[in-house]
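The values are calculated or read from the model by the stated rules, or taken from the named source; none is laboratory data. For clarity, every value in this text was computed on a predicted model and none was experimentally measured. No Cβ is skipped: glycine too gets one built from the backbone with ideal geometry, and neighbour counts run over all protein chains shown.
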Amino acid sequence: MLAKVNNGVNTLEKSTGFRRRATRADRNAGDGAPRQGPCRAVFLVWLLFMVAPAGAVAQPQPPLILNPDVPLTYRVQSGDTLWDIAAIYLRDPWRWQSLWAENPEIENPHLIFPGDVLTLFWEDGAPRLTRRDHGEVKLTPVLRASPLESAIPVIPREKIAPFLRDHSVVEPKVLASAPYVVSGDAGRLISGAGDTVFVRGDVSAVPDYRLVRSDTVLEDPLTGERLGSFVLDIGAAGAGNARSDDELTAMRVTQMRQEIRVGDRLLPVVETHLNVHYLPQAPGAVIENGFMIAVAGGLTQIGPMDIVVINRGAREGLRVGDVLAIEQAGPSLEDPVTGREVRLPDTRAGVLMAFAVYERASFGLVLEANRAMAVGDRVVNP
């Protein structure tokens, strides 16, 4: 199921989309300093710092606020995440880059490995965190023999990679003009791997195509603007050259994740690489009128590690790695004395990070939730 919001009303639409609710496992602190403070998120992280995109407007940053009773040292555990570690130290975990004291003399200084000991110190009155080698805090050249693959990743690939492989947002006009399946072999309505399908449209651009099915048309809940089509990748087909009298192209289904049906569309295969260079950060632009408009898996309640669709994208200045706060509108009620209707303040319910940004919509991963959330909840600058 894919739950979505349309004109402010929550609805459920049938989908064969991503169905998963991750569980959060408690982890012990290991033989380093004891882990203090709540575990805020559950995704594996590979810390890789990135330069702010060109055009981003630098804004004055308030002082960092540390959580109470933060440990002076912490040994990184296998399975730790950047968000977990940042949440131990910072009230606002997305400001990690302001806390991290990167050593430019160390090869790959932005990477953190299991077993590393992080040490908190103060520099010019501001808290900083750095790696400690052999019991000392030092910013001197160090040769690290650990392979890069052993660094803790940014986001768990086992959760994000399958989703990005099977889901995307496509402009409605692009999808409407894409070639489509007219029939299977011998007039069959359903086809599978190895079968021949007959396609109408130009499939000469590339040799291989992905077969997709439109799941939901994403709409802005305030304006009704069509933001894109949420599509499922259901298979792949190789271009053929046999044509019928009606200018249909015969193609062979080379991969199948679901049965191929009449009407399914074909889009060119574009080689993509999962971006692991995420840096949780506050948005560089003010995100206005943002909402969660759909959730993968058709869930009625949204929690940590759930994947959502929001109605804001590159057009509004959103970037991969941007962190947004999730707010729930305060309920309206009657004042017991005056009888007038009053609305309670909005309540902060959680935090998400954008991990795939399209022109007018984005996929977000919920990192924190202090209450059950739902499609239609607002997303704002943290």
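Structure summary
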quantity	calculated
Qualifying residue in the range 210-224 (condition: at pLDDT 90 or above and over 30 Å from Asp377 (Cα atoms))	yes
Options Phe230, Phe163: the member that is aromatic (Phe, Trp, Tyr), closer than 30 Å to Asp80 by Cβ and surrounded by 15 or more Cβ atoms within 10 Å (Cβ to Cβ)	Phe163
Test: residue in the range 351-365 that is more than 16 Å from the chain's Cα centre (by Cα) and in contact (Cβ under 8 Å) with a residue 24 or more places away in the chain	no
Unmet requirement for Val276, which otherwise passes all of (1) under 19 Å from Trp96 (Cα atoms); (2) modelled with pLDDT of 95 or more	(2)
Residues that are exposed (fewer than 12 other Cβ atoms within 10 Å of the Cβ) and part of a strand (DSSP E or B), drawn from the range 343-373	Arg343
Qualifying residue in the range 182-193 (condition: touching a Phe, Trp or Tyr at 6+ places or on another chain (Cβ under 6 Å), surrounded by fewer than 21 Cβ atoms within 10 Å (Cβ to Cβ), of a type outside the set (A, V, I, L, M, F, W, C) and outside the structural domain of Val309 (by TED's automatic domain parsing))	yes
Selected residue [of a type in the set (A, V, I, L, M, F, W, C) and part of a strand (DSSP E or B)] from Val337, Val323	Val323
Cβ pairs under 7 Å, 6+ apart, first in the range 82-110 and hydroxyl-bearing (Ser, Thr, Tyr), second at pLDDT 80 or above and in a helix (DSSP H, G or I)	Tyr89/Leu99
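Condition check ((1) basic (Lys, Arg); (2) under 30 Å from Ala161 (Cα atoms); (3) modelled with pLDDT of 85 or more; (4) surrounded by 14 or more Cβ atoms within 10 Å (Cβ to Cβ)) across all residues:
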site	(1), (2), (3), (4)
Gly32	no, no, no, yes
Ala41	no, yes, no, yes
Val51	no, yes, no, no
Ala58	no, no, no, no
Pro71	no, no, yes, yes
Arg75	yes, yes, yes, yes
Trp122	no, no, yes, no
Arg131	yes, yes, no, yes
Glu149	no, yes, no, no
